[in-house]
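First the structure, in the form of structure tokens, and then the observations on it.
The values are calculated or read from the model by the stated rules, or taken from the named source; none is laboratory data. Note that the structure is predicted; figures quoted are calculated from it, not measured. So basically every Cβ, Gly included, is an ideal-geometry build from the backbone, and we count neighbours across all protein chains shown. Heads up: the accessible areas ignore ligands, DNA and RNA and are worked out on the full protein's heavy atoms, side chains in. Shrake-Rupley method; radii C 1.70, N 1.55, O 1.52, S 1.80 Å.
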Amino acid sequence: MSDLHLGPDTPRTLLALQRALQALDADALFILGDLFEAWVGDDARELPWAQAVVALLSTCAAARPVYFQHGNRDFLLGTAMAEACGLQLLAEEVCLQAFGQRVVLVHGDAECLEDRPYQAFRAQVRQPAWQQGFLAQPLATRLQLAAQMRDASQQAQADGPYADLDAQACAALLQRHGAQTLLHGHTHRPARHALPGGAQRLVLSDWDHDHGGARGEVMLFSPQGWQRLPQP
């Protein structure tokens, strides 16, 4: 799963996640980024809505490994929050080997090369110096700055959807890992894309139960292949 974008204003999406985790029948859970709408530092885990997420994930992690890969909205999630939730942190690019297949897991934002302003922003905020300066500010200030960045992002999306992943970057990922499947989120456009040589790119759904609809999926990977499971 990916792109739940949880926050203080997503109580119904949080309830959908609770139902999904309670019904989960799997050996492991992989969260491929943007679990949160905006994660401004691990001290935010003390906020009431974040405590509810910690409780859900730690209960899930007591039954199976739960892996987390950073997204463009929660790249500041650190070891303190991971430990509180029982999450095992993944690198930005991972090759999963299961059921005789090799699957590359990424969030997807790093491969959206056509969005040059975002790539410049991404390069800036992934710098340790920028992160140290941001995290040194009071929590209330960080929350306000995150709200401003979220508003700017929503305005940018109103002007057009996220750029899609670059085809050459996807091919390079698969070639580098000797894999035939790329799994990612980020674009909020769930689909299966056939790639040359019999490869495929699977796009995870985003989640939203709070803004006039009920959207969200868990992608199940088993010996029978891939299956999308809608989460009402």
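Values computed for the structure shown
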{"item": "Residue check for LEU29: free of Cβ contacts under 8 Å to residues at least 40 places away in the same chain and either β-branched (Val, Ile, Thr) or at negative phi (or both)", "result": "yes"}
{"item": "Every residue from segment 28-51 that is outside any loop (DSSP other than H, G, I, E, B) and open to solvent by 40 Å² or more (accessible area, probe 1.4 Å)", "result": "PHE30, ASP43, ARG45, GLU46, PRO48, TRP49, GLN51"}
{"item": "Identity of the residue in segment 55-77, under 21 Å from SER153 (Cβ atoms) and not hydrophobic (A, V, I, L, M, F, W, C), that ends up surrounded by the fewest Cβ atoms within 10 Å (Cβ to Cβ)", "result": "ASN72"}
{"item": "Any pair with Cβ under 7 angstrom, 6 or more apart, that starts in segment 129-141 at a residue that is without any contact (Cβ under 8 Å) to a residue 24 or more places away in the chain and ends at one that is of a type outside the set (Asp, Glu) and open to solvent by 80 Å² or more (accessible area, probe 1.4 Å)", "result": "TRP130/GLN124"}
{"item": "Residue match in segment 52-63 (condition: part of a loop (DSSP other than H, G, I, E, B) and farther than 21 Å from ASP208 by Cβ)", "result": "yes"}
{"item": "Any hit, segment 150-164, residues being assigned to a helix (DSSP H, G or I), buried (at least 16 other Cβ atoms within 10 Å of the Cβ) and at pLDDT below 95", "result": "yes"}
{"item": "Residues of segment 79-99 that turn out to be without any contact (Cβ under 8 Å) to a residue 24 or more places away in the chain and among the acidic types (Asp, Glu), as a count", "result": "2"}
{"item": "Residue in segment 174-191 that is open to solvent by less than 30 Å² (accessible area, probe 1.4 Å), part of a helix (DSSP H, G or I) and more than 30 Å from GLY41 (Cβ to Cβ) present", "result": "yes"}
{"item": "Any chance ALA80 is crowded, with 18+ Cβ neighbours inside 10 Å, out of contact with any strand residue (DSSP E or B) (no Cβ under 9 Å at 6 or more places or on another chain) and either farther than 25 Å from ALA23 by Cβ or at pLDDT 95 or above (or both)", "result": "no"}
